[in-house]
1. Check cross-link reach from residue 60 to the aspartates and glutamates: straight Cα distance under 13 Å, and skip same-chain residues fewer than eight apart.
2. What relative contact order, as a whole-number percentage, does segment 21-169 give when Cα pairs under 8 Å and 6 or more residues apart are counted?
3. For residue 395 and residue 316, calculate 0.36 nm times their separation in residues minus their Cα-Cα distance, and state this gained length in nm to one decimal.
4. From Cα pairs below 8 angstrom and at least 6 apart in sequence, can you work out the relative contact order of the chain, rounded to a whole percent?
5. What is segment 647-694 by shape, rounded, prolate or oblate, if you read a ≥ b ≥ c off the alpha carbon gyration tensor as root eigenvalues and call it rounded for a/c under 1.5, prolate for a/b larger than b/c, and oblate otherwise?
6. Going from the alpha-carbon gyration tensor of the chain, what semi-axes, largest first and in whole Å, does one get by taking the root of 5 times each eigenvalue?
7. In debye, nearest 20, what is the charge dipole magnitude of the chain about its Cα centre with +1 on Lys and Arg Cβ and -1 on Asp and Glu Cβ, if you could check?
8. If the viscosity is 0.890 mPa s and the temperature 25 °C, what translational diffusion coefficient in µm²/s does Stokes-Einstein give for segment 77-231 when Rh comes from Kirkwood over Cα pairs?
Amino acid sequence: MTGSTETPAVAPATAEPTTVEKLRGLRWSILSNATNTVFSQFTFFGSPFVLLLSALGMSKPQIGLILSFLPFAGLIALFIAPTVARYGYKRVYITFWGLRKIITVGLLFLPWLAASLGETGMVFYVSAIMAGFALSRAIAETGFLPWVQEYIPNSVRGRYSATNSIYTTLSGLAAVGAAGFVLDRSNDLSAYILLIAAGIAFGGVSTWAATRIPGGAAVQRTPETPSLLGGMQAAMSDGNFMRYLAGASLVTLALVPMMSFLPLFMQEVVLLSAGSVVLLQAGVLVGHLVSSLAWGLAADRYGSKPVMIAGLVMKLLLPVMWFVMPRDTEISLYIALAIAVLVGISDMAWGIGAGRLLFVSVVPPHRKTEYMSFYYASIGVVGGISQLMGGWILEFSGGLSGQILGLAIDPYTPLFVMGLVLTLATLVILGSIRADNVFGVIQFAGMFLRGNPFQAMGAMIRYYQARDERTTISMTERLGRARSPLAVEELLETLRDPRFNVRFEAIIAIARMPADPRLTHALIEVFSGTELALQSVAAWAMGRIADPESRAALRAGLDSKYLSIRAHSARALGAMQDQSIADELLQRLPAEADRGLQMAYASALGNLRTEAALGPLLELLYATHNPGARLELALSVARILGDEHAFIQLLRAARGDLGTSASQAVSAFKRRLERAKQLSPEMAAALQDAANAFARLDVEGGTAGLSRVLALAAEPTELSTFSHATTTMMREGSLRLAEFGAEHFETVLLSLHALRTAEVIRT
């Protein structure tokens, strides 16, 4: 896949949306998904639907057959993918995503048809509705998969998945709570119909919100474009893709039968009520909620594969836990809820990890139509087989009973055994897949051991067993990372160790700990001692811990005969927000000849947000050429302007894509002026020109436009709107951008930050 020189499978009829447009559309995607979650829980995908089919008198094979229509319909993707691409991914998705809601209306007539159609007639009627729904869904999702690969930037895919999961989980929790409330009070057909009607309404909102998402335009096939069959052959010859598909297929066979019939297991074997069975879905959603953000950030930072494997490992536990859980007891519901939470956590790990892996590493973007249609159809076939398999297994094992080692065997036991074996096989297959992970799976799992008392106790034991300096230093570091009060005494002991390197590491470890009077007193003693190297790092540690008890010692350090002690003391006091030193540092800054001390004073004044220091800091920034020093000075200025976090976010985003980040910042400032009715025609034109240039990645043109914007904003007519500090930065930014353009990256960032923090007063 890497380094391919093949002709792209499709040629866009229109340009792909800019990153700015994609990011703007993500909120509509989340709204669409959140409202569709309510539709899903109330109709074909929630526990109420399986319970409804059972209430209609359908057998488990019949239920499995009806549920299999959904995945089997995915086969159509093999035949319609080129047509979907030609008509446009978005257009096809919206059309058929809405059509499936209309088809669902047919379920509302079940109470009136039940008596006249009879049991067989109801099976055919519900099957017809499910077939139409499944077909519409399959056509829609044939367009959706390539579209979603387009409109979600890879750089935020994990975070988007996490954020999307939070909102869909909250929607799902509300839906499950409502469903449980309704079914606990009335378990006849009218209760199910009420839920379905509400679901259809939410489904309409979901379809409308999807129309606001950018991209998905129609594409034109060229004479040089390989055929769909050729593209699918390329997918089948792609070893990495086929390994992923094999793993995804096995995990589908492992999990779908268990999860589809789990509501009936809970009702028939564990003997929970219908309302309690629906409540279990709330436990799953709680698992989603508490873990989604962590899994999303982990996937973006450490790679997809470790997160995916972590999810599979947790899923290995599920069939075992269901098999051994107590049945028909007072605690059965609570244990089932606890397992449901684990289901949700494992779902998020598997879903975010495997989904990100598919879009980022497995499917090449220029082959997305062929790969995605083949993937969707293949998983559809496997999913359909799994639904049928679940029904057949339960039919044949209907009379199964007995005990093994005191544990009850029932008709659902074969499903749990199959789930365990196939999940284990999935782990073996996906363990060798090529992925984007930064850390290995074992390394990733080890990261979850930090910051807890169990790690602290383990480090304490090994600390006392250490036989050499290197091991002692290693254990000292781990004691600090534990951040546990259990480690305080051991850290004090290391601070008295005769070995210098151990004492040095002890100070660093203490800096990671929460404030503790004993640790602060120990650091003050080191700082007041005679070991210069340890004094400096102790000052840094006291600044990081920020215990007020250490301020007096640090203030005394400002007059030390050693320049390094003065510098570290100033930085530490600045980090601790000690305003009492602001005037003194402001006097020392211009008179100081040592560049290191100048930087320390500047950093402290920035932390203290001393507005009077803004002019001297900008002069120092203009005269400094070292890139690292310039960036530190820029941060000090940004802190004075306010909202340090926004500046850091802007810096991180601009390092990856300066044009997009700058365009978003300029556009946001324009909207704020519009809402406040402070936007003049000249300013509006200047802002639009700058935003457009940055969005086109014309950084030089955007910088020139930004210089013009800053000049207009700093004019006397605008002074009533912005603070003195902001106006000062705008004037400086306009001058320096005109002089250096985009050459001085820090000036561009500070100029954008000035727009971000400018206080716009509504007239």
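1. Straight-line reach from residue 60, under 13 Å: 268, 395.
2. 40 percent.
3. Extending this stretch completely gives an extra 26.0 nm.
4. Value for the chain: 12 percent.
5. Oblate is the answer for segment 647-694, as a/c is 1.5 or above yet b/c matches or exceeds a/b.
6. Each semi-axis is √(5λ); the values are 55, 37, 24 Å.
7. It works out to roughly 740 debye.
8. Answer from the Stokes-Einstein relation: 135 µm²/s.
The values are calculated or read from the model by the stated rules, or taken from the named source; none is laboratory data. Source: prediction; values computed, not measured. All Cβ positions, glycine included, derive from the backbone under ideal geometry; neighbour counts span all protein chains shown. Side chains included, ligands, DNA and RNA excluded: accessible areas come from the protein's heavy atoms. Shrake-Rupley method; radii C 1.70, N 1.55, O 1.52, S 1.80 Å.
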